[in-house]
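First up is the structure itself, then whatever we jot down about it.
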Amino acid sequence: MGTLVGHVAPGAGFLLIGLWQLFSHTRLFLLRPSSYSAPVWFPVRGVRHLELILIIIGTVMSILMELVIGPAKHQPFDVDGTIPSDHLHNFEHASISLALLIFAAVTIHLDRARAPMRDAVSQLVAAAAFAQQLLIFHLHSADHMGIEGQFHWLLQTVIAVTLATTLLGIPCPRSFTVSLVRSASLVFQGVWFIVMGVMLWTPELIPKGCFLNREEGHDVVRCRTDDALDRAKSLVNLQFSWYLTGTVVFVVLFYLQMAKLYPEEPQYLPLVKGGSGGGDSHGRFSIGDDDHDDEDDLEAAKRGFGHVVGGTKPMEIER
């Protein structure tokens, strides 16, 4: 980070993942509202772990940009092997990317190993990553007093919402509201990162009375007077309010459009003949929905399907 590309690139990543999560959670809920259960990630037909693979690729590229490609010497250390002060922020940004990389890698491994409670464990790892992101931005080595600090302070409020909803997703997996707010917060994180990069490193967009100044190897916005700084911070607050309002309107319109495209599917009660997985010993039909395997239900939910019934061929009666 610390440059236009350094903010726009991760912002585009958060925006892409947030939109995918928003689409997938909304579609799953609209199709099966009564059986909705929020997964941590969504498989893609053909490349099951595509969402997680993209996170890994994006975070690896971010780490390389911060520690290898970005520094003038293509390595972030001083001649004596220590971390110089002008590269501290590179390590901070790389640490955030590493936490997200670990989340994606752990989630793929848990899914392949079919570990019990794997979604809950993945949620905890994701929460740890967002907690680390929040802590690092709160204790950022970059300027806390200037315009960039104001952008970062407002960003922390969005990260806090993402963290809170990620934690709430563990005890409340069937809450669509939690999933919707978490997805929207990821979208807004992406939007705000992009806005930050464009507004802080485009000379034509620097607020009146402020200028770009080269400090410790990267450009920083400085203001000539306290009044100019106060005005610039107020403009940042206004931008946050406007973009937040725009994101809320977008999410509502997106939900309404999705509701037209994906009406609720008819629900069926599978009737399984007794003697081969359901019913009584006299061969009568019974409703076979008590012996379903939770793992199969979760996998079906990830794909937008209902409960899975094994054993015999079910007779389905529409409610």
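The values are calculated or read from the model by the stated rules, or taken from the named source; none is laboratory data. Owing to the predicted nature of the structure, the values given are computational and were not obtained by experimental measurement. Positions of Cβ are backbone-derived with ideal geometry, glycine not excepted, and every protein chain shown enters the neighbour counts.
Yes or no: the range 146-153 includes at least one residue that is among the aliphatic types (A, V, I, L, M), out of contact with any Leu (no Cβ under 8 Å at 6 or more places or on another chain) and in the same structural domain as GLY11 (by TED's automatic domain parsing).
no
Quick test for you: out of ILE83, ILE56, pick the one residue that is assigned to a helix (DSSP H, G or I) and either closer than 24 Å to HIS140 by Cα or modelled with pLDDT of 95 or more (or both). Working first, answer last.
Values: ILE83 fails: assigned to a helix (DSSP H, G or I).
Being assigned to a helix (DSSP H, G or I) and either closer than 24 Å to HIS140 by Cα or modelled with pLDDT of 95 or more (or both) holds for just one of ILE83, ILE56, which is ILE56.
Limited to the range 43-56, what total is found for residues that are hydrophobic (A, V, I, L, M, F, W, C) and either touching a Gly at 6+ places or on another chain (Cβ under 9 Å) or surrounded by fewer than 13 Cβ atoms within 10 Å (Cβ to Cβ) (or both)?
Of the residues in the range 43-56, 3 are hydrophobic (A, V, I, L, M, F, W, C) and either touching a Gly at 6+ places or on another chain (Cβ under 9 Å) or surrounded by fewer than 13 Cβ atoms within 10 Å (Cβ to Cβ) (or both).
State whether one or more residues within the range 8-24 are farther than 30 Å from MET258 by Cβ, in the same structural domain as MET196 (by TED's automatic domain parsing) and among the small types (Gly, Ala, Ser).
No.
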